[in-house]
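Remarks on the structure that follows.
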Amino acid sequence: MNDDRLAASGRPIRSGPSLGRHGVCRRHHLLLFVFPPLASCSGAQSALDPAGPEAAGVATLFYTMLIGGIVIWCGVVGLLFYAARKRRAHSTKSAGQLVLWGGAVFPTVVLAALLTYAVWLMPVMRPWFQDDASGMRRIEVTGEQFWWRVRYLGEDSGPVFETANEVRIPVGERVVFLLKSPDVIHSFWIPVLGGKMDMIPGRENRLTLVAEKPGTYRGVCAEFCGPSHALMAFTVHAMEPRAYEAWLSARKNSSGADAEGLALFLRHGCAACHAISGTEARGTIGPDLTAFGERGSVGAGSLANTAEHIARFIRYPDGVKPEVRMPHFSMLPDADVERIAAYLKGLR
Amino acid sequence: MKSFIPREVETLWTLFTAPTVWALHFVVCYAAVAIFCAKGLAEEITFGTLRFALGVFTLLALAMIVLSAYLAWRQWGFGSGDPPHDAATREDRKYFQGFATLLLSGLSFVAVVYAAIPLIFIAECQR
């Protein structure tokens with residue numbers, strides 16, 4: 001429902017909840033006026049609507065800090081009113097006592113308690129597993145400008161297949177993300193599942209996450225990486241293990257049919273950068289487009305995935321995502337662009 | 001005690017003692033853990049040993065700051081007069097400096113404790 005609305009407006013998707021749990025935002029429209037913060041508590045990209053233990057730790061810490069902050073704020077405002085209404089002055093000595101206990105000792109003790117609590121919570125929010133002992137499923141994610149290269153690794157650490165801007169994980173199974181970047185620093189963040197982790201050129205950072213609830217979530221780049229940083233998102237599908245295995249085996253064998261669309265795709269040089277499994281298209285510079293029709297968006301979370309938006313992106317990628325690396329193809333005949341767009345939308 | 005540590009130490013240098021100890025403690029804690037983890041020293045000495053050594057170092061740093069605070073308290077005349085000590089006299093300058101040093105010692109004490117709290121919870125080197 002939301003996607004249709006977006007398709008009609010044709011504007012880039014910038015807010016998280018538009019993808020995924022449709023209707024969540026709409027239900028909260030009334031709440032938005034009553035109490036704005038509440039309306040943003042649920043959704044596909046909310047750290048306050050956790051679907052994994054790490055994110056639950058972050059949410060617990062947030063609520064603890066929030067409640068503590070409210071109590072202290074009430075106390076300070078109460079003192080302010082008291083000071084404003086008080087007729088008779090206190091002695092210098094009692095004022096000094098208030099400053100000492102309320103201004104120095106109390107904050108020191110509260111901050112020590114909060115620091116201890118936060119540090120104590122850290123192993124929950126970022127659990128660590130030894131390399132060799134784990135045997136966990138591994139997914140390598142590389143931050144590109146401005147999209148995500150996703151490689152599913154096999155037992156021997158070699159990539160089984162590659163995809164882009166979409167991560168699929170089985171529910172209830174801890175997955176290791178190997179995070180890389182070839183040029184600038186990005187940050188990999190799935191708020192619903194856990195904290196963020198930087199992707200630093202020359203390093204391979206590891207983040208382990210587990211989804212406890214099936215669903216479609218939204219991940220974002222959380223470190224400014226260039227003009228289209230805000231348009232660098234990805235979809236996370238937490239799937240039931242059986243459905244996940246079915247998807248894995250289907251994905252290994254997927255191929256792009258539609259002879260005419262594919263022929264145009266190849267003739268106009270798209271395959272120099274893009275790959276489609278099962279075809280001659282094997283480019284590795286740009287995002288892999290295998291099963292593109294199943295993706296949640298066009299241009300790493302920029303537009304809803306419709307044939308019109310794909311055509312628009314092919315003609316002027318820079319108009320959708322500023323300074324994107326893909327050149328524009330507005331010189332191609334309209335019929336060809338539309339045919340290619342329909343072909344990509346039909347890829348399963 | 002009064003004669004043991006002469007009054008000549010009550011210069012501007014005493015003002016810097018506690019923050020310097022704080023800075024040293026901070027650098028030593030961070031550098032020690034970073035080198036321990038980066039060089040993979042876990043095979044030779046355990047993290048528990050490092051934790052214990054830094055714990056002892058923390059206590060030494062706190063003792064040093066308490067000593068600095070005592071000297072400052074003495075310089076302040078053991079709290080005989082109230083701040084702000086802003087008269088243009090030698091006596092007031094001394095009291096002002098003593099009081100400032102005492103406050104800085106308190107800040108440094110708290111900072112050293114805060115910097116040491118993660119030592120209790122860090123479990124191991126990651127990678």
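Return yes or no: is B:LEU50 closer than 21 Å to B:HIS25 by Cα and either away from chain A (no Cβ under 14 Å) or not in a helix (DSSP H, G or I) (or both)?
yes
Go through region B:19-44 and report how many residues are among the charged types (D, E, K, R) and in a helix (DSSP H, G or I). Break it down into steps so the answer makes sense when it comes.
Let us first name the residues in region B:19-44 that are among the charged types (D, E, K, R), namely B:39, B:43-44.
After this cut, where a residue has to be in a helix (DSSP H, G or I) as well, the list is B:43.
Residues that pass the stated criteria total 1.
If a residue has to be outside any loop (DSSP other than H, G, I, E, B), under 24 Å from A:THR216 (Cβ atoms) and of a type in the set (Gly, Ala, Ser) to count, how many in region A:259-295 make the cut?
Restricting attention to region A:259-295, the residues satisfying the condition of being outside any loop (DSSP other than H, G, I, E, B) are A:259-267, A:270-272, A:275, A:282, A:292-294.
From what's left, under 24 Å from A:THR216 (Cβ atoms): A:292-294.
The next check asks that each one be of a type in the set (Gly, Ala, Ser); those that pass are A:293.
Result for region A:259-295: 1.
Just the residues that are in contact with a Lys or Arg (Cβ under 8 Å, 6 or more places away or on another chain), under 12 Å from A:LEU231 (Cα atoms) and part of a loop (DSSP other than H, G, I, E, B), please, taken from region A:301-340.
Hits for region A:301-340 are A:GLY301, A:SER302.
For region A:165-199, give me each residue that is within 21 Å of A:ALA246 (Cα to Cα) and in contact with a His (Cβ under 9 Å, 6 or more places away or on another chain).
If the condition is that a residue be within 21 Å of A:ALA246 (Cα to Cα) and in contact with a His (Cβ under 9 Å, 6 or more places away or on another chain), then A:GLU166, A:VAL167, A:ARG168, A:ILE169 are the ones that fit.
When the residues of region A:121-152 are narrowed to those that are within 14 Å of chain B (Cβ to nearest Cβ) and charged (D, E, K, R), which ends up farthest from A:ARG295 (Cα to Cα)? If you could, list the steps in order and put the result at the bottom.
Of the residues in region A:121-152, the ones within 14 Å of chain B (Cβ to nearest Cβ) are A:121-134.
If we keep only those that are charged (D, E, K, R) as well, we get A:126, A:131-132.
Numbers: A:ARG126: 29, A:ASP131: 31, A:ASP132: 33 Å.
Looking at the filtered set, the residue picked out is A:ASP132.
Mind checking whether some residue in region B:57-65 is in a helix (DSSP H, G or I), more than 12 Å from chain A (Cβ to nearest Cβ) and in contact with a Lys or Arg (Cβ under 8 Å, 6 or more places away or on another chain)?
First, pick out the residues of region B:57-65 that are in a helix (DSSP H, G or I): B:57-65.
When the remaining residues are screened for being more than 12 Å from chain A (Cβ to nearest Cβ), the result is B:57-65.
This time we only want the ones that are in contact with a Lys or Arg (Cβ under 8 Å, 6 or more places away or on another chain), so: none.
No, every residue in region B:57-65 fails to be in a helix (DSSP H, G or I), more than 12 Å from chain A (Cβ to nearest Cβ) and in contact with a Lys or Arg (Cβ under 8 Å, 6 or more places away or on another chain).
Quick one: A:GLU155 ticks every box in (1) away from chain B (no Cβ under 12 Å); (2) closer than 22 Å to A:GLY219 by Cβ; (3) surrounded by fewer than 15 Cβ atoms within 10 Å (Cβ to Cβ) bar one, so which box is it?
Only one criterion is unmet by A:GLU155, namely (2).
If you go through region A:276-316, how many residues are buried (at least 24 other Cβ atoms within 10 Å of the Cβ) and touching a Phe, Trp or Tyr at 6+ places or on another chain (Cβ under 6 Å)?
4
Just wondering, is there one or more residues in region A:254-270 that are closer than 30 Å to A:GLU173 by Cβ, touching a residue at least 40 places away in the same chain (Cβ under 8 Å), surrounded by 13 or more Cβ atoms within 10 Å (Cβ to Cβ) and out of contact with any helix residue (DSSP H, G or I) (no Cβ under 7 Å at 6 or more places or on another chain)?
Taking every residue of region A:254-270 in turn, at least one turns out to be closer than 30 Å to A:GLU173 by Cβ, touching a residue at least 40 places away in the same chain (Cβ under 8 Å), surrounded by 13 or more Cβ atoms within 10 Å (Cβ to Cβ) and out of contact with any helix residue (DSSP H, G or I) (no Cβ under 7 Å at 6 or more places or on another chain).
Residues A:THR208, A:THR142: which one is under 21 Å from A:GLY296 (Cβ atoms) and among the polar types (S, T, N, Q)? Explain how you work it out, then say what you get.
Numbers: A:THR208 fails: under 21 Å from A:GLY296 (Cβ atoms).
Every option except A:THR142 fails the conditions.
If A:PRO227 passes every condition in (1) surrounded by fewer than 21 Cβ atoms within 10 Å (Cβ to Cβ); (2) of a type outside the set (A, V, I, L, M); (3) within 30 Å of A:PRO123 (Cβ to Cβ) but one, which one does it miss?
Single failed check for A:PRO227: (3).
If I ask for residues that are touching a Pro at 6+ places or on another chain (Cβ under 6 Å) and either surrounded by fewer than 12 Cβ atoms within 10 Å (Cβ to Cβ) or modelled with pLDDT under 90 (or both), which ones from region A:47-69 would you list? Steps first, please.
Narrowing region A:47-69 to residues touching a Pro at 6+ places or on another chain (Cβ under 6 Å): A:47, A:56, A:59.
Answer for region A:47-69, where residues must be touching a Pro at 6+ places or on another chain (Cβ under 6 Å) and either surrounded by fewer than 12 Cβ atoms within 10 Å (Cβ to Cβ) or modelled with pLDDT under 90 (or both): just A:ALA47.
So B:LEU54 fits all but one of (1) modelled with pLDDT of 85 or more; (2) exposed (fewer than 14 other Cβ atoms within 10 Å of the Cβ); (3) closer than 26 Å to B:GLU124 by Cβ; what number is the exception?
Only one criterion is unmet by B:LEU54, namely (2).
Condition test on B:THR14, is it among the polar types (S, T, N, Q), away from chain A (no Cβ under 13 Å), part of a helix (DSSP H, G or I) and out of contact with any Ser or Thr (no Cβ under 8 Å at 6 or more places or on another chain)? Step through it out loud before you land on a result.
Details: among the polar types (S, T, N, Q): yes; away from chain A (no Cβ under 13 Å): yes; part of a helix (DSSP H, G or I): yes; out of contact with any Ser or Thr (no Cβ under 8 Å at 6 or more places or on another chain): no.
When the stated conditions are applied, B:THR14 does not pass them.
What strands (runs of 3 or more DSSP E) completely inside region A:160-222 contain at least 3 residues that are within 29 Å of A:ALA281 (Cα to Cα) and assigned by TED's automatic domain parsing to the domain that holds A:GLU144? Spell out how you get there, then give the answer.
Values: elements: A:166-170, A:175-180, A:186-189, A:197-199, A:205-209, A:215-221.
So the answer is A:166-170, A:175-180, A:215-221.
Kindly provide the set of residues from region A:303-348 that are basic (Lys, Arg) and under 27 Å from A:ALA250 (Cα atoms), ordered by number.
At the first step, the residues of region A:303-348 found to be basic (Lys, Arg) are A:312, A:315, A:321, A:325, A:339, A:345, A:348.
Result: A:ARG339, A:LYS345, A:ARG348.
Looking at region A:70-77, can you tell me whether even one residue there is away from chain B (no Cβ under 14 Å), surrounded by 12 or more Cβ atoms within 10 Å (Cβ to Cβ) and farther than 22 Å from A:PHE177 by Cβ?
In the first step, residues of region A:70-77 are kept if they are away from chain B (no Cβ under 14 Å); the result is A:70-77.
So of that shortlist, the ones also surrounded by 12 or more Cβ atoms within 10 Å (Cβ to Cβ) come out as A:72, A:75.
This time we only want the ones that are farther than 22 Å from A:PHE177 by Cβ, so: A:72, A:75.
Yes, the conditions are met somewhere in region A:70-77.
Looking for whichever is within 14 Å of chain B (Cβ to nearest Cβ), buried (at least 16 other Cβ atoms within 10 Å of the Cβ) and small (Gly, Ala, Ser) here; the options are A:ALA113, A:ALA118. Which one fits? Before you say what the answer is, go through the steps one by one.
Values: A:ALA113 fails: buried (at least 16 other Cβ atoms within 10 Å of the Cβ).
One residue alone meets the criteria, A:ALA118.
The values are calculated or read from the model by the stated rules, or taken from the named source; none is laboratory data. All values derive from a computational prediction rather than experimental measurement. Glycine gets a Cβ as well: all are built from the backbone with ideal geometry, and neighbour counts include every protein chain shown.
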